[in-house]
Amino acid sequence: MLKEIVQRRSLRKGASEVPTGLLSLGKVRSAVVFIDVEDTTFDQCKNSVLSFFRDRGIKADIFFFDFRKLSKEERLITSITTTVLKKDLNWYGRPSREKVALMLSGEPDLFVSLVARPSFALEYMAASSRARFKVGRYDAPVFDLVFRAENLSEYDAFLEIVKLLDKVA
């Protein structure tokens, strides 16, 4: 209960003042995409995301969510700079100021979350982003467009989201 109250207050306090809504890809100069490393298609998805935005002349940054518990023998398979780890979250789930600042520094026009399961950390990143168009995979007030398909991998969901983005005029 207390945790939820603090989360709601944190979302309101950290929320961007920039108005959001549907935005055509022609008006997008930069984008940020969040990928869950636990999805088995995350590497294929990452390459597809980079290719899609590069082909359209849009600067894209990719952030990874990796909340797995790694053993001493396992290594992180993504950049530590752009990966949000469980240790980067405070007691109620807000990402560290450094991770949020890094995401904000890219000044994206488009925010895309390919993470299928609800996450306060992701909602906080989306709310604090100054992106003018926000896309997610689960219902949350912060997203302008929601693509719900729990049975699809991140890669397949991205391909479907791309079709929707291409239709936004």
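Filtered by the rule that a residue be within 14 Å of the chain's Cα centre (by Cα), more than 24 Å from Asn47 (Cβ to Cβ) and touching a residue at least 12 places away in the same chain (Cβ under 8 Å), the range 139-169 gives Ala140, Val142, Phe143, Asp144. The residue of the range 34-47 that is nearest to Leu165 (Cα to Cα), among those that are of a type outside the set (Asp, Glu) and open to solvent by 80 Å² or more (accessible area, probe 1.4 Å), is Asn47.
Within the range 59-73, restricting attention to residues that are in a loop (DSSP other than H, G, I, E, B) and open to solvent by 90 Å² or more (accessible area, probe 1.4 Å), the residue that is nearest to Phe111 (Cα to Cα) is Lys69. Within the range 142-169, the residues that satisfy the criterion of being part of a loop (DSSP other than H, G, I, E, B) and β-branched (Val, Ile, Thr) are Val142, Val168. In the set Ala101, Ala31, only one residue is among the aliphatic types (A, V, I, L, M) and open to solvent by 30 Å² or more (accessible area, probe 1.4 Å); that residue is Ala101. Scanning the range 42-63 for residues that are at pLDDT 95 or above, under 17 Å from the mean Cα position of the chain (by Cα) and not aromatic (Phe, Trp, Tyr) gives Gln44, Cys45, Lys46, Asn47, Ser48, Val49, Leu50, Ile58, Lys59, Ala60, Asp61, Ile62. Between Ser16, Ser10, the distinction of being touching a residue at least 60 places away in the same chain (Cβ under 8 Å), open to solvent by less than 20 Å² (accessible area, probe 1.4 Å) and at negative phi belongs to Ser10 only. Scanning the range 95-141 for residues that are at pLDDT 95 or above, under 15 Å from Thr20 (Cα atoms), aliphatic (A, V, I, L, M) and part of a loop (DSSP other than H, G, I, E, B) gives a single hit, Ala131.
The values are calculated or read from the model by the stated rules, or taken from the named source; none is laboratory data. Predicted model, so just to flag it, every value in this text is computed and none were measured. A quick note on method: Cβ atoms are made from the backbone with ideal geometry, for glycine too, and the neighbour counts reach across all protein chains shown. Surface areas here come from the heavy atoms of the whole protein model, side chains and all, with no ligands, DNA or RNA. Shrake-Rupley method; radii C 1.70, N 1.55, O 1.52, S 1.80 Å.
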